[in-house]
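Notes to accompany the following structure.
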Amino acid sequence: MISINIEKRLKAYHGQQVLKIARQFEPGSITKIYGPSGAGKTTFLKVIAGFTHPENGNITVDGVTWLDTASKINLPPQKRMAGFVFQDYALFPNMTVHEHLAYATSDKEWIEKLLAIGKLETLTSHKPQFLSGGQQQRLAILRALAIKPELLLMDEPFSALDPEMKVSLIDNLKIIFKEAGTTVLIVSHNPQELENLADDELFIL
Amino acid sequence: MDLNPIWLTLKLAGITTVLLLAIGLPVAWWLSKGRSVFKVILEAIITMPLVLPPSVLGFYLLLAFSPQHGVGKWLLDTFNIQFVFSFQGLVLASMIYSMPFMIGPIKSALQQLPVSLSQASYSLGKTKWQTFLKVLLPNIRQSLLTAVVLTFAHTLGEFGVVLMIGGNIPNITRVASIAVYDSVEQMDYHSANVYSFILFAITFVMVTGVFVFNKYQLKSPLE
């Protein structure tokens, strides 16, 4: 069970607003997160991952406290190890496709499986700058999956994929998430694309 | 023809560059992360040799490390180290004088990398040190090379600060730039010409090499 109760001030165009979310997520659930631009969807994911810190609140994952502002507990991202798919992909320009995955895991079989899921087997020696937008996005997803995270945070993960690739990838991800019991939070501007994947939703206003 | 000033210059530039790289990398990394009043002041101090007359810097170093009093006396009495009119002094002065050339490019390059690169690495369980070595450093290699070459080349051309703290002692502090000046003073234009040409050639090859390398990197096909 993931329990989140946070309060964070956001800088907005029209002044300050407060992101306030109190919510629990079932283990193995897949939640789509949507809402207007600037509502704090990405910030919410970053707070969970430990990249940014809320003014108040607590986050507990499977009984482990990741964050508790009252008792000043704040695990670093390295200890939380939440898989994170960045909106800008955040791929490492110096690494090839294979090196991205090998940097995350030493499990060679898992790397091969991931490459097959992402249909990147023929591009293993390519660096990000020589991949298309869709290929880069798939690599970002595979890299996050490489550590077999219990909690996966995805920020607009399918925005650059063509419809056919999106359907195929989502089908494969569903199987992986189910097999591993991964809890997934997905931010999307297009919640309809997640209808076959998500079983829960969170609207952030 | 005494080529010792050339070797001494290359030795000084090499040692200065290696030491500055070792110190400059962590300092530049630290400076690139966040802002504070202390960091701003430190950055200003590091940048000052760019605009400060070298003779002023050399004068203050001469005062600070004078073996007659203060820090200089203490260093001499305690560790038997003398920075004035010695090769160590040249290294110290060169490090201070060339520091902005090493730290500036590295810091700017680190600041330009998206913060999400580090975050992505942290989310994979990697430490800050692993992230620095495997992700950040390889992605600033062009700036790193530029910093190393600029530092080396700048040290080759030092004159004022070196003259102030080192003087003109053959085989110890008489570097090429001072040898050029000294040769001209003695109307020995042939030696001055040889020293100058060697310095010019080394600098030209190094700086051109950096430009070629950086251009090649930008146009690199699949690696």
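When both residues are 6+ apart or on different chains and their Cβ atoms are under 7 Å apart, which pairs have a first residue that lies in segment B:132-156 and is open to solvent by 40 Å² or more (accessible area, probe 1.4 Å), and a second that is among the small types (Gly, Ala, Ser)?
Close Cβ pairs satisfying both conditions: B:His154/B:Ser98.
Please give the number of the condition B:Val51 fails out of (1) under 20 Å from B:Ala147 (Cβ atoms); (2) open to solvent by less than 30 Å² (accessible area, probe 1.4 Å); (3) out of contact with any Asp or Glu (no Cβ under 8 Å at 6 or more places or on another chain).
Just one mismatch for B:Val51, condition (2).
Only one of these is in contact (Cβ under 8 Å) with a residue 40 or more places away in the chain and either crowded, with 17+ Cβ neighbours inside 10 Å or among the β-branched types (Val, Ile, Thr) (or both): A:Ile170, A:Ile141. Name it. Talk me through it step by step, then tell me what you get.
Details: A:Ile170 fails: in contact (Cβ under 8 Å) with a residue 40 or more places away in the chain.
Just a single option satisfies the conditions, and that option is A:Ile141.
Taking A:Leu101, is it open to solvent by less than 20 Å² (accessible area, probe 1.4 Å) and touching a residue at least 60 places away in the same chain (Cβ under 8 Å)?
No; evaluated as a whole, the condition is false for this residue.
Could you go through segment A:157-166 and let me know if any residue there is open to solvent by less than 20 Å² (accessible area, probe 1.4 Å) and under 28 Å from B:Gln130 (Cα atoms).
Yes, because at least one residue in segment A:157-166 is open to solvent by less than 20 Å² (accessible area, probe 1.4 Å) and under 28 Å from B:Gln130 (Cα atoms).
A:Val47 fails exactly one of the following numbered conditions: (1) more than 11 Å from chain B (Cβ to nearest Cβ); (2) among the β-branched types (Val, Ile, Thr); (3) surrounded by fewer than 17 Cβ atoms within 10 Å (Cβ to Cβ). What is the number of that condition?
The one condition A:Val47 does not meet is (3).
Output the residue which, of all residues in segment B:93-115 that are open to solvent by 40 Å² or more (accessible area, probe 1.4 Å) and more than 10 Å from the chain's Cα centre (by Cα), is nearest to the other protein chains (Cβ to nearest Cβ).
Filtering segment B:93-115 down to residues open to solvent by 40 Å² or more (accessible area, probe 1.4 Å) leaves B:96, B:99, B:101, B:108, B:111-112, B:114-115.
Remaining after also requiring more than 10 Å from the chain's Cα centre (by Cα): B:108, B:111-112, B:114-115.
Working: B:Ser108: 17, B:Gln111: 16, B:Gln112: 12, B:Pro114: 7, B:Val115: 8 Å.
Top of the filtered list is B:Pro114.
If a residue has to be surrounded by fewer than 19 Cβ atoms within 10 Å (Cβ to Cβ) and within 21 Å of the chain's Cα centre (by Cα) to count, how many in segment A:118-127 make the cut?
Looking only at that region, the number is 1.
In segment A:67-108, what count of residues is obtained for those that are within 14 Å of chain B (Cβ to nearest Cβ) and more than 23 Å from A:Ile141 (Cβ to Cβ)?
Keep residues of segment A:67-108 that are within 14 Å of chain B (Cβ to nearest Cβ), which gives A:74-107.
Going one step further and asking which of them are more than 23 Å from A:Ile141 (Cβ to Cβ), we end up with A:74-76.
The number of residues fulfilling the criteria is 3.
So for segment B:173-196 (the condition being within 19 Å of the chain's Cα centre (by Cα), under 25 Å from B:Ala93 (Cβ atoms) and open to solvent by 20 Å² or more (accessible area, probe 1.4 Å)), does at least one residue qualify?
yes
Outside any helix (DSSP H, G or I) and out of contact with any Pro (no Cβ under 9 Å at 6 or more places or on another chain): does that describe B:Lys126?
Yes: the conditions hold for B:Lys126.
Would you say A:Lys41 is closer than 28 Å to A:Lys178 by Cβ, open to solvent by less than 40 Å² (accessible area, probe 1.4 Å) and among the basic types (Lys, Arg)?
Against the criterion (closer than 28 Å to A:Lys178 by Cβ, open to solvent by less than 40 Å² (accessible area, probe 1.4 Å) and among the basic types (Lys, Arg)), A:Lys41 qualifies.
Does at least one position in segment B:60-78 carry a residue that is over 19 Å from the mean Cα position of the chain (by Cα), in contact (Cβ under 8 Å) with a residue 24 or more places away in the chain and within 14 Å of chain A (Cβ to nearest Cβ)?
Scanning segment B:60-78 turns up no residue that is over 19 Å from the mean Cα position of the chain (by Cα), in contact (Cβ under 8 Å) with a residue 24 or more places away in the chain and within 14 Å of chain A (Cβ to nearest Cβ).
Kindly establish whether B:Ser121 is at the interface with chain A (Cβ under 8 Å from one of its Cβ atoms), within 17 Å of A:Phe51 (Cβ to Cβ), in a helix (DSSP H, G or I) and in contact (Cβ under 8 Å) with a residue 12 or more places away in the chain.
Details: at the interface with chain A (Cβ under 8 Å from one of its Cβ atoms): yes; within 17 Å of A:Phe51 (Cβ to Cβ): yes; in a helix (DSSP H, G or I): yes; in contact (Cβ under 8 Å) with a residue 12 or more places away in the chain: yes.
So B:Ser121 passes the test.
The values are calculated or read from the model by the stated rules, or taken from the named source; none is laboratory data. Just so it is clear, the structure is predicted and the values come from calculations on it, not from any experiment. Every residue, glycine among them, receives a Cβ derived from its backbone with ideal geometry; neighbour counts consider all protein chains shown. SASA here: full protein model, heavy atoms, side chains in, ligands and nucleic acids out. Shrake-Rupley method; radii C 1.70, N 1.55, O 1.52, S 1.80 Å.
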